[in-house]
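Asker: Okay, handing you the structure first.
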Amino acid sequence: MDELDISENIAALRSTFADIRSVVGVDRLEAEIADLSGQAGVPDLWDDPDKAQKVTSALSHRQAELARITSIAGRLDDLEIMVELANEEQDASAAADARTELAGIQKLLGELEVQTLLNGEWDAHPAVITIRAGAGGVDAADFAEMLQRMYLRWAEQHNYPVTIMETSYAEEAGIKSTSFEIDAPYAFGTLSVEAGTHRLVRMSPFNSAGKRQTSFAAVEVIPLIEEAGAIEVPESDIRVDVFRSSGPGGQSVNTTDSAVRLTHLPTGLVVSMQNEKSQIQNRAAAMRVLQSRLLIMQREQEAAAKKELAGNITASWGDQMRSYVLAPYQMVKDLRTDFEVNNPSNVFDGDLDGFINAGIKWRKRDIED
């Protein structure tokens, strides 16, 4: 076996790792963890469940972020030992393992480099994704459900907790709309580049003639903001509708009318929630999302912002950010970044990191320009 020499690769990784540690601010992160750990250890913490949830969630996020960073130092040390042993024993299998580990560390550092670009005001917050079927009839409803599954699979692959807030099923197939929360470090900053109109081109399974069908779905992403409670929403500004949660085909999920829909009359914003078992819990959860939306709107107005965080999405021709083509050829292409892959099945199974990373870099360049 020829001697394995990847010393230059390891040196480059160590240099990149040092830059990432500096940008992330490991000392600051450790100080925040110490402070939050102290708050979490207060005996009466759970006397205020809302505060306790915020503290423990923030602590969990920061610990996970620090663990990702600190684990790399150990892996780089272990990699050098793997290379040394492979060369001493002339073990081709061990050399292959070392190359695999090198690729794994390179991928992880690449992801962390992208994360250092997430320095927006709300980038570190959890994300609420809302998907709505657009033009295209039953195909669009089916496409909306395909997108929901895609994002849920992506979250599952990254071990990110997901809470389904509300799903409205279409009559024949698929869904009219759905909202779900992904609670992970930098979830909003990461997923905000997914906002926009998604287009699907395929041979329709719902068309007896087997014709090619184009359908659309809108993806909206907003941050779930803890300080949203500072936004006062008068009761007179809200219409509350209560309904029974339902699954596909109208089958009852809850035996009581516990699902809640809030309509903010001055703005027309609508938030539905059916995940919790009680009407009170659903209303509280819906109010939190509504307040987050209103806070974003208020901040944009104060700053005379021209670009909406969630985007003005019409889910039709002329407002597309990504195309999923299943016929007559196979391709998924982001129309902003030109990033594309020729395996739509993998993308619909949650393989989105390439698109997301390209989107984050594109957005950073767009802001700088």
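Asker: Tell me, what ³J(HN,Hα) does each residue in the range 128-145 have, in order and in whole Hz, if you take phi through Karplus 6.51 cos²θ - 1.76 cosθ + 1.60 with θ = phi - 60° and put x for Gly and Pro?
Answerer: Once θ is set to phi - 60°, the couplings for the range 128-145 become 10, 9, 10, 10, 10, 5, x, 5, x, x, 5, 4, 5, 5, 5, 4, 4, 5 Hz.
Asker: Give me the angle, in degrees from 0 to 90, between the Cα long axis of helix 26-40 and the longest principal axis of the Cα atoms of the chain, rounded to the nearest 10.
Answerer: Here the helix axis deviates by roughly 50 degrees.
Asker: Determine the calculated [θ] at 222 nm for the chain from helices alone, applying -39500 (n - 2.57) to every DSSP H run no shorter than 4 residues and normalising by the residue count; nearest 500 deg cm²/dmol.
Answerer: -15500 deg cm²/dmol
Asker: Something else about it: For a test of the definition: using alpha carbon positions, the gyration tensor, and the 1.5 limit on a/c, classify the chain as rounded, prolate or oblate.
Answerer: oblate
Asker: Which net charge results for the neighbourhood of R75, defined as the other residues with beta-carbon distances under 13 angstrom from its beta-carbon, given Lys and Arg at +1 and Asp and Glu at -1?
Answerer: Surrounding charge for R75 is -2.
Asker: Determine the shape class of the range 160-222: with a ≥ b ≥ c the square roots of the Cα gyration tensor eigenvalues, call it rounded for a/c under 1.5, and otherwise prolate if a/b is greater than b/c, oblate otherwise.
Answerer: prolate
Asker: Let me ask you something else. For the chain, give the percent of accessible area contributed by carbon and sulfur heavy atoms, probe 1.4 Å, rounded to a whole number.
Answerer: Result for the chain: 48 percent of the exposed heavy-atom area is carbon or sulfur.
Asker: If you take every DSSP beta bridge whose two residues both sit in the chain, what share of them, in percent to the nearest 5, is antiparallel?
Answerer: The answer is about 90 percent antiparallel.
Asker: Using Cα centres only, tell me the gap between the range 177-211 and the range 102-118 in whole Å.
Answerer: 25
Asker: With charges set only on the Cβ (+1 for Lys and Arg, -1 for Asp and Glu), what does the dipole of the chain come to about its Cα centre, in debye to the nearest 20?
Answerer: About 1920 debye.
Asker: Report relative contact order for the range 1-139 in percent, whole number only (criteria: Cα-Cα under 8 Å, sequence separation at least 6).
Answerer: It comes to 32 percent, rounded to a whole number.
Asker: From the phi of every residue in the range 339-353, what ³J(HN,Hα) in whole Hz does the Karplus formula 6.51 cos²θ - 1.76 cosθ + 1.60 yield, where θ is phi - 60° and glycine or proline is x?
Answerer: Going residue by residue, I get 5, 8, 9, 9, 10, x, 4, 5, 5, 5, 8, x, 7, 10, 4 Hz, with x marking Gly and Pro.
Asker: Over the alpha carbons of the range 1-111, what is the largest minus smallest coordinate on each principal axis, giving the biggest first in Å?
Answerer: Cα spread of the range 1-111 along its principal axes, largest to smallest: 64, 25, 19 Å.
Asker: Another question, if that's okay. Expressed as an acute angle from 0 to 90° and rounded to the nearest 10, what is the orientation of the C-alpha long axis of helix 279-302 relative to the principal long axis of the chain?
Answerer: 70
Asker: From the Cα gyration tensor of the range 320-362, with a ≥ b ≥ c the square roots of its eigenvalues, which class applies: rounded if a/c is under 1.5, or else prolate if a/b is larger than b/c, or else oblate?
Answerer: Here the range 320-362 falls in the oblate category.
Asker: Further, regarding this structure: If you fit an axis through the alpha-carbon atoms of helix 7-24 and take the longest principal axis of the Cα set of the chain, what angle between them do you get, 0 to 90°, nearest 10?
Answerer: The two axes meet at around 40 degrees.
Asker: Can you work out the Karplus-derived ³J(HN,Hα) for every residue in the range 108-123? Use 6.51 cos²θ - 1.76 cosθ + 1.60 with θ = phi - 60°, whole Hz, and x for glycine or proline.
Answerer: Along the range 108-123, the couplings run 5, 5, x, 5, 5, 4, 5, 4, 5, 7, 8, 10, x, 4, 10, 4 Hz.
Asker: Only residues of the range 176-199 count here: report those whose backbone N is under 18 Å from the spot 7 Å along Cα→Cβ of V23, or say none.
Answerer: Within reach of a label on V23, which here means backbone N under 18 Å from a point 7 Å along Cα→Cβ, the range 176-199 contributes 185-193.
Asker: Hey, what's the per residue convex hull volume over the C-alpha atoms of the range 1-45, in cubic angstrom?
Answerer: 92
The values are calculated or read from the model by the stated rules, or taken from the named source; none is laboratory data. Fair warning: this is a prediction, and the values are worked out from it, not measured in the lab. In this analysis, Cβ positions are derived from the backbone assuming ideal geometry, glycine residues included, and neighbour counts consider all displayed protein chains. Side chains included, ligands, DNA and RNA excluded: accessible areas come from the protein's heavy atoms. Shrake-Rupley method; radii C 1.70, N 1.55, O 1.52, S 1.80 Å.
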